[in-house]
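Student: Sharing a structure below in structure tokens format, with a few things to ask.
The values are calculated or read from the model by the stated rules, or taken from the named source; none is laboratory data. This one's a predicted model, so the numbers in the text were calculated from it and none came from an experiment. Using ideal geometry, Cβ is built from the backbone for each residue, glycine included, and neighbour counts are taken over all protein chains shown. Please note that ligands, DNA and RNA were not included when accessible areas were found on the heavy atoms of the full protein model with its side chains. Shrake-Rupley method; radii C 1.70, N 1.55, O 1.52, S 1.80 Å.
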Amino acid sequence: MYDKDTLYIVGNSRTTSDNAITKRYLSFFIGFVVKEHSGEIIDVSCSFTIRTTDEFIKSLFIGRTLRNFDENLEIDVKRRYFGSSQKAIIVAYKDAVKKYQEVTGNL
């Protein structure tokens, strides 16, 4: 399904204790499929309880990059996503950027 030049990077974070995602998964995860050398995000999925959440998060991230932290993406999340996991999305993205940089620095 994915080309051999792709990587799968997972960003982790926590949500509030009363969040349904925390009750179900204990943490919040976003899985990113990225092109190895450019960091371009080609697919995304997250731990979620509502299908629309996964689709909306996907629409925010596809076409962006894990190469460097994108402050405009953070602004978009804060401007457009008003679920209780807003901060968790940003933290998971930052975590994935860090992991991508670690992995590709060692390739």
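Student: With the requirement that a residue be within 12 Å of VAL10 (Cα to Cα) and surrounded by fewer than 24 Cβ atoms within 10 Å (Cβ to Cβ), what does the range 82-97 give you?
Tutor: Across the range 82-97, the qualifying residues are VAL91, LYS94, ASP95, VAL97.
Student: On to the next question. Go through the residues of the range 39-49 one by one and say whether even a single one is more than 11 Å from SER85 (Cβ to Cβ), at pLDDT 95 or above and not in a strand (DSSP E or B).
Tutor: Let us first name the residues in the range 39-49 that are more than 11 Å from SER85 (Cβ to Cβ), namely 39-45.
Right, trim to at pLDDT 95 or above and you get 39-44.
From what's left, not in a strand (DSSP E or B): 39.
The answer is yes, given that some residue of the range 39-49 is more than 11 Å from SER85 (Cβ to Cβ), at pLDDT 95 or above and not in a strand (DSSP E or B).
Student: Turning to a different aspect of this structure: For LYS35, indicate whether it is without any contact (Cβ under 8 Å) to a residue 60 or more places away in the chain, more than 25 Å from GLY105 (Cα to Cα) and either open to solvent by 40 Å² or more (accessible area, probe 1.4 Å) or among the basic types (Lys, Arg) (or both). Full working, then the answer.
Tutor: Values: without any contact (Cβ under 8 Å) to a residue 60 or more places away in the chain: yes; more than 25 Å from GLY105 (Cα to Cα): no; either open to solvent by 40 Å² or more (accessible area, probe 1.4 Å) or among the basic types (Lys, Arg) (or both): yes.
Spelling it out, it is not the case that LYS35 is without any contact (Cβ under 8 Å) to a residue 60 or more places away in the chain, more than 25 Å from GLY105 (Cα to Cα) and either open to solvent by 40 Å² or more (accessible area, probe 1.4 Å) or among the basic types (Lys, Arg) (or both).
Student: So, in the range 56-69, how many residues would count as being on the phi < 0 side of the Ramachandran plot, over 12 Å from the mean Cα position of the chain (by Cα) and either not basic (Lys, Arg) or not in a loop (DSSP other than H, G, I, E, B) (or both)?
Tutor: Matching residues across the range 56-69 total 1.
Student: While we're looking at this one, here's another question. Which of the residues that make up the range 3-38 are in contact with a strand residue (DSSP E or B) (Cβ under 7 Å, 6 or more places away or on another chain), outside any strand (DSSP E or B) and modelled with pLDDT under 95?
Tutor: ARG14, THR15, ILE21, SER27
Student: May I ask you to verify whether VAL77 is closer than 16 Å to GLU40 by Cα and either in a helix (DSSP H, G or I) or in contact with a Gly (Cβ under 9 Å, 6 or more places away or on another chain) (or both)? Before you say what the answer is, go through the steps one by one.
Tutor: Numbers: closer than 16 Å to GLU40 by Cα: no; either in a helix (DSSP H, G or I) or in contact with a Gly (Cβ under 9 Å, 6 or more places away or on another chain) (or both): yes.
So VAL77 does not fit the description; no.
Student: Pick out the one residue from ASP70, ASP54 that is touching a Phe, Trp or Tyr at 6+ places or on another chain (Cβ under 9 Å), free of Cβ contacts under 8 Å to residues at least 40 places away in the same chain, closer than 18 Å to PHE28 by Cβ and open to solvent by less than 60 Å² (accessible area, probe 1.4 Å). I'd like the intermediate steps shown before the answer.
Tutor: On the way: ASP70 fails: closer than 18 Å to PHE28 by Cβ.
Result of the check over ASP70, ASP54: ASP54.
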